[in-house]
Every structure is written in structure tokens, then in C-alpha cells.
Amino acid sequence: MGRLDGKVVLISGAARGQGEAEARLFAEEGARVGIGDVLDTAGEAVAGELGDAAFYTHLDVREEADWAHFVASARERWGRVDGLVNNAAIFRSKPFLETSLEDYREVVEVNQVGTFLGMQAAAPAMRELGGGSIVNVSSIAGFRAVPGSISYVSSKFAIRGLTRTAAHEFGPLGIRVNSLHPGGVDTDMVPGEHKTPETFSAQPLARISEAIEQARVALFLISDESSYCTGAEFVADGGLMA
């Protein structure tokens, strides 16, 4: 028995990194997984390796039509949507006064608007089932300042508000909504200079997180094991915030 047997879960940004780790882990635990990304070659490769347990579709999280197609594809294949992980994100590092409006909007549209559109697209399908679970991937940057990353920090703070409000509105529908707040994760999105041992030397677990460690938290939140958790913020940062 897998922890996600019978569930259909959609994951954005699942062609690599943390999203890929989630897709592989969820499939191992019995889920059927929709992989959405703009990295078509990589996404198709992951879905191909997972076989009948997965499919890939091109997903630009800023586009309502792409989200509608993603949800519809899962329902056509498997008749349901039980879970969503809003994982897709981008990171840009510039000083505040050097950040153009275009720079700012690019990050906000992917990280914040993409999360909004994902919930709006998937929640009706979950409502038809009488419930489901949504995990919105924020960051510890959703709790604290990160100098030089105003657009990223703004978007990750916003995900906390999106999550809490959706949890209130979706709770009567049986849909749980929680946010996941990683610290540093060893993925392609994190610049190499932010992965050095010195970067993590002052925190209790003095190392960077592996993507699979974040995926395990997402697995708990998607599974029925977290059935009484909603509107909550789950921090997985090696103790940094402590």
C-alpha cells in the first residue's frame, strides 16, 4: 500500500529539481502524476521514465489556458484530481533600486500569479470529489528579508496570504491548503555561490537540503496523513529560522 494510492496529483515545475523529486516520490507511493513545465524535453523524459503513472504537458503557469488544459488532461486520463503542488518558481537577484518593473513583474507573475491560477484551476475538480489537498511552495524568504531579492521575497510572502485565504474559503469544500517553506535546496535554481558549506555553517543542520527532503514534506501534506492540517506553514530549513 502506497501513501498516495488512488490519488491523482498535479505538479507544476516538475521537469527538474524539487518538482521532479516530488513527481518521482509520489509515483513511488502510488499516485498518478501530472507533470507540468516549460522545459518540454526534460519534462517528457521524467514522464517517460515514470511510464503509465505519469503524463507531461507544457505548462506556462502564467497562462490560464495552460492550466485549464493541464487539469482537463488529468481528468480525461484518470477522471479526477486529488492534489496540486504549486512548485514552479523563478529567482532573480538584483538590488532593489536596480530592479526594473519588468524584472519585478516577471517573478511575481510566475511565483505568485502562477500559484493563484493553479489553485483556481484545480480546486473545482477537487470540489467535485468532495475534497483534496493543495501545497503551495513558498520559502523561508516568505518570512524574512533577503537583500537583493525584492521580487522573489515579495512573491513568497504573497504565497502565504494566498494559502491562508484559500484555506478558509476551500475548507468547507473539503480542500486543504498548506504552504511549504524550504531553506536552501540543492537545485539548479540556487546559484552555486549559495551552496557552499560556509553558507550553512551557522544553522543547526549545517548543510543544504536535498530536493527529496522537501518532497517528503510535500508528500505528507498531499497524503491523508495530514488530514487535519490546513492554512498552515511548514518550514523545512535545517533550523535556519530558529
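The values are calculated or read from the model by the stated rules, or taken from the named source; none is laboratory data. Predicted, not measured: the structure shown is a model, and the values here were computed from it. Please note: Cβ atoms are built from the backbone with ideal geometry, for glycine as well, and neighbour counts cover all protein chains shown. The accessibility values were calculated without ligands, DNA or RNA, using every heavy atom of the protein model including side chains. Shrake-Rupley method; radii C 1.70, N 1.55, O 1.52, S 1.80 Å.
Let's see how each residue does on (1) open to solvent by 30 Å² or more (accessible area, probe 1.4 Å); (2) among the hydroxyl-bearing types (Ser, Thr, Tyr); (3) touching a residue at least 12 places away in the same chain (Cβ under 8 Å):
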| residue | (1), (2), (3) |
| --- | --- |
| Ser12 | no, yes, yes |
| Arg16 | yes, no, yes |
| Gly19 | no, no, yes |
| Arg24 | yes, no, yes |
| Gly34 | no, no, yes |
| Asp37 | no, no, yes |
| Gly43 | no, no, yes |
| Ala53 | no, no, yes |
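Given Leu219, Leu180, which one is surrounded by 15 or more Cβ atoms within 10 Å (Cβ to Cβ), hydrophobic (A, V, I, L, M, F, W, C) and assigned to a helix (DSSP H, G or I)? Lay out the reasoning, then the answer.
On the way: Leu180 fails: assigned to a helix (DSSP H, G or I).
Just one listed residue meets the conditions, Leu219.
Of all the numbered requirements in (1) in contact with a Ser or Thr (Cβ under 8 Å, 6 or more places away or on another chain); (2) charged (D, E, K, R); (3) in contact (Cβ under 8 Å) with a residue 40 or more places away in the chain, Glu109 misses one, and that requirement is (1). Annotation: Met1 fulfils all but one of (1) in contact with a His (Cβ under 9 Å, 6 or more places away or on another chain); (2) open to solvent by 50 Å² or more (accessible area, probe 1.4 Å); (3) in contact (Cβ under 8 Å) with a residue 24 or more places away in the chain; (4) not charged (D, E, K, R); the unmet one is (1). The residue pairs whose first member lies in the stretch 230-242 and is among the aliphatic types (A, V, I, L, M), whose second member is part of a strand (DSSP E or B) and open to solvent by 20 Å² or more (accessible area, probe 1.4 Å), and whose beta carbons are closer than 8 Å, counting only pairs six or more residues apart or on different chains, are Met241/Val235.
Conditions (1) open to solvent by 20 Å² or more (accessible area, probe 1.4 Å); (2) outside any strand (DSSP E or B); (3) of a type in the set (Ser, Thr, Tyr), marked per residue:
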{"residue": "Gln112", "(1), (2), (3)": "yes, yes, no"}
{"residue": "Gln120", "(1), (2), (3)": "yes, yes, no"}
{"residue": "Pro124", "(1), (2), (3)": "yes, yes, no"}
{"residue": "Asn136", "(1), (2), (3)": "no, no, no"}
{"residue": "Ala141", "(1), (2), (3)": "no, yes, no"}
{"residue": "Ala158", "(1), (2), (3)": "yes, yes, no"}
{"residue": "Arg164", "(1), (2), (3)": "yes, yes, no"}
{"residue": "Ala167", "(1), (2), (3)": "no, yes, no"}
